[in-house]
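Take a look at the structure set out below.
The values are calculated or read from the model by the stated rules, or taken from the named source; none is laboratory data. Everything numeric in this text was worked out from a predicted model, so none of it was measured. In this analysis, Cβ positions are derived from the backbone assuming ideal geometry, glycine residues included, and neighbour counts consider all displayed protein chains. Surface accessibility is based on the protein's heavy atoms, side chains included, excluding ligands, DNA and RNA. Shrake-Rupley method; radii C 1.70, N 1.55, O 1.52, S 1.80 Å.
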Amino acid sequence: MASSSTNAFELVRQNVRIEDVIGEQLRLKPSGREFVGLCPFHDDHNPSMRVVPAKQIFYCFVCTAGGDVFKFVQRFHKMTAGESLRYLAEKYHVTLPQKLTSNPQAREARENLLLASAWAARQFRAWLAGESGAAARNYLHQRGLTATTIDTFGLGYCPDNWTALAQAAGRDRINLEHLFDAGLLKKRNDGSPFDVFRDRVIFPIIDSGDRVIAFGGRILPSEKQEDQTGPKYLNSPESVIFNKRDMLYGLNRARSAIIQSGEAILVEGYMDVIGAHQAGITNVVAALGTAFTEHHAMMLQRIARRLVLVFDTDEAGRRAADRAIQLLLAYPLDVAVMHVPGAKDPCDYCLEHGGEAFRQLVAGATDALQYKWGQLMQEFQASPGRAQKSNAVQAMMRLLVTVATNPQMDAVRRSLLEKDVAYLVGMSLDELHAAINDLSSKDVSSAASTDTTSQGGSPLKSRRIASASEKAQQWILGILLTEPALYADVMDDWALELFAPGALQSAAAALVEYLDGAAQLRACNLSEFVSLQQDAELIQLAIILQREAENIPDMRQCLLESMAYLKREGRSDNQQAIDAISAESDPNTAKVEKGVPQSLVDLLERRREDHRKSQLRRQGKV
């Protein structure tokens, strides 16, 4: 009998479409009856993830990620199975049984931090709206933010009191240890708590699942220098629910606009994101007080085609732009750089000049390669010494090495860039190519070696041609994954010993456990089966086997014949020899060497007889 938990998952599954759920996070393109996109679970440059609406599954042929909509949500949003169920149920307005929504995992560390963070966010918002938040409200209004924007982004305030949050937690019976773990409280030497974000405007950091997972705090401006204690901005420490390099501020609100426009704008601060969104530029995000990372690049290249970097014009801003450009050249993104006129923050510019003026600046942003070239060209022309000129040339060469070794880089664009650089540094193209090859040869060899190792480890790219026995096992599993009701025809003959030890036997064990436990075989399906599995390789194997079997014309006949074949063949010490004979496309051409067991001779005779009968059936004579 199916459990209430299984029924709850099935209830939600029937009310969501996997292409909608994944399409909110990734750019998906139609491909026949399926959709394709960049896999978010590995560094994917060529779309290798497929989403299959008819089966309500996704799978990646490179990293083996796959499963149903719950598996995607669990991996993408870093949720547990229960969290993914509640997340989708809430998002798609599905009512769950009461005992499933009563938060049975409330004592687990992850759930405790989420609950504590959600409570703190509400408390900060209440303080901002109350008497103690007057100065903070005045600061936000002076910056040009409206009440609607403040509410939309959930901004708050922590009072200028060493124990305000700790006291509020005691009043609301919130465990202080959870607030310590979330980085909202710290302990004095005597063990007593004090608030970390006191007298700061609070910016909740919200993940792609719309959950508060951390906070940023900006100290309120003051005319008294002694009142300016601590850094201007302060972020929560990393925890089991928060990793800075995995997050972009505002992405939860910007994702849809980025997917629709194909363009993302990266700014430096919380206020820049909020100001731009208020002005109607909703595809803007920011890093969380850290340098732009590879994970950020991977996140954005899955949903955007163009990325515009908007950094300050000071030296720190220029260095940040240089680091981001160097990193982003390895990703299939059109990257551009823009500086706001008058050295203003994007927030101030948007609120003063409006969203359309900012949008025009973005449209005219300088291509990242041209921006870098222009910087080095100025340095080259302005530097009187040979050493400085040599440094500029070497810097450009290193940039070209990155471009030249990137397989995603357009060949025409690379060729034009090489010609421009050759003219700049006074080299011929041949000399330039020789210099690039000299710099990149070791890196190319290392990368090629790494790629070969990676590809060789893929279970899909290293699969060998299956023997007849193995193929029969694969057909049985694939057919039952496609038409689970056919299990009734073979359940009496089922035996795990018929399947080769390893992946196929593990898959067979998992499948029969699933089918035996089902209330109705006709209600079973691939999506539910993979949702119950934890082994990524087993999930991937199930998806592949089902896909290969779904086009078999007469599944029942193939299932029965495959099962009969395996029973007839059995498993023996001579399995490899048996498989070799069985794999012959025409048994009349197969030969048995002298000295082999009689069982192999008998097997060949049966194969010849089966082959003869099969030919007669095709000719309509039997």
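A few points about this structure:
- 3J(HN,Hα) couplings calculated from phi for region 305-312 with the Karplus curve 6.51 cos²θ - 1.76 cosθ + 1.60 (θ = phi - 60°) are, in sequence order, 9, 10, 10, 10, 8, 10, 10, 5 Hz; Gly and Pro show x.
- Asp172/Asn15 FRET efficiency (R0 35 Å; Cβ-Cβ; nearest 0.05): 0.55
- Our coupling estimate for region 524-531, obtained by passing each phi through the Karplus curve with A = 6.51, B = -1.76, C = 1.60 and θ = phi - 60°, is 6, 7, 4, 4, 5, 4, 5, 5 Hz, Gly and Pro reported as x.
- Shape class for region 265-311, computed from the alpha carbon gyration tensor (a ≥ b ≥ c): oblate, with a/c not under 1.5 and a/b at or below b/c.
- Surface accessible to a 1.4 Å probe, per residue, for the residues of region 1-63, Å²: 46 Å²
- With a cut-off of 13 Å between beta carbons, the residues surrounding Ile281 carry a summed charge of -1, where Lys and Arg count +1 and Asp and Glu -1.
- For the cross-link pairs Lys71/Lys567; Lys71/Lys186; Lys55/Lys244; Lys55/Lys78, the ones whose C-alpha atoms lie over 26 Å apart are Lys71/Lys567; Lys71/Lys186; Lys55/Lys244.
- When the trypsin sites (Lys or Arg not before Pro) in region 166-223 are filtered for DSSP coil states and for at most 11 other beta-carbon atoms within 10 Å of their beta-carbon, the remaining sites are Arg173, Arg188.
- Probe 1.4 Å - accessible area at Arg306, Å² to nearest ten: 60 Å²
- Coupling constants for region 344-361 follow from the phi torsions by the Karplus curve (6.51 cos²θ - 1.76 cosθ + 1.60, θ = phi - 60°), and in residue order they are 8, 6, x, 4, 5, 5, 4, 6, 8, 9, x, x, 5, 5, 5, 4, 5, 4 Hz; glycine and proline get x.
- Computed about its Cα centre, the charge dipole of region 110-215 is approximately 100 debye, with only Lys, Arg, Asp and Glu carrying charge at their Cβ.
- Percent carbon-and-sulfur accessible area, region 140-230, ignoring ligands, DNA and RNA, probe 1.4 Å: 44 percent
- Rounded accessible area per residue of region 317-362, 1.4 Å, Å²: 43 Å²
- Length added when fully stretched, Thr95-Arg522, from 0.36 nm per residue minus Cα-Cα: 151.3 nm
- Spin-label model distance (nm) - Arg319 vs Thr80, 7 Å beyond Cα toward Cβ: 4.3 nm
- Considering only His353, Gly280, Gly317, and ranking their Cα positions along the charge dipole of region 249-357 that arises from unit charges at the beta-carbon of Lys, Arg, Asp and Glu, the one farthest toward the positive end is Gly280.
- Solution diffusion estimate, µm²/s, Stokes-Einstein, region 242-321, Kirkwood Rh from C-alpha pairs, 37 °C, viscosity 0.692 mPa s: 261 µm²/s
- FRET efficiency, 1/(1 + (r/R0)^6) with R0 51 Å, evaluated for Asn243 and Ala509 via beta carbons: 0.90
- Per residue value of the accessible surface for region 162-280 (all protein chains in place, 1.4 Å probe), Å²: 45 Å²
- Available extension along the chain between Thr163 and Leu496 is 113.6 nm, counting 0.36 nm per residue and deducting the alpha carbon span.
- Within the shell of other residues whose beta carbon sits under 12 angstrom from the beta carbon of Arg143, the net charge comes to -2, with Lys and Arg scored +1 and Asp and Glu -1.
- Trypsin sites (Lys or Arg not before Pro) within region 25-86: DSSP coil, no more than 10 neighbouring Cβ in 10 Å: Arg33
- Given their separation in residues at 0.36 nm each and the Cα-Cα distance between them, Asn189 and Ala363 gain 57.2 nm when the chain is fully extended.
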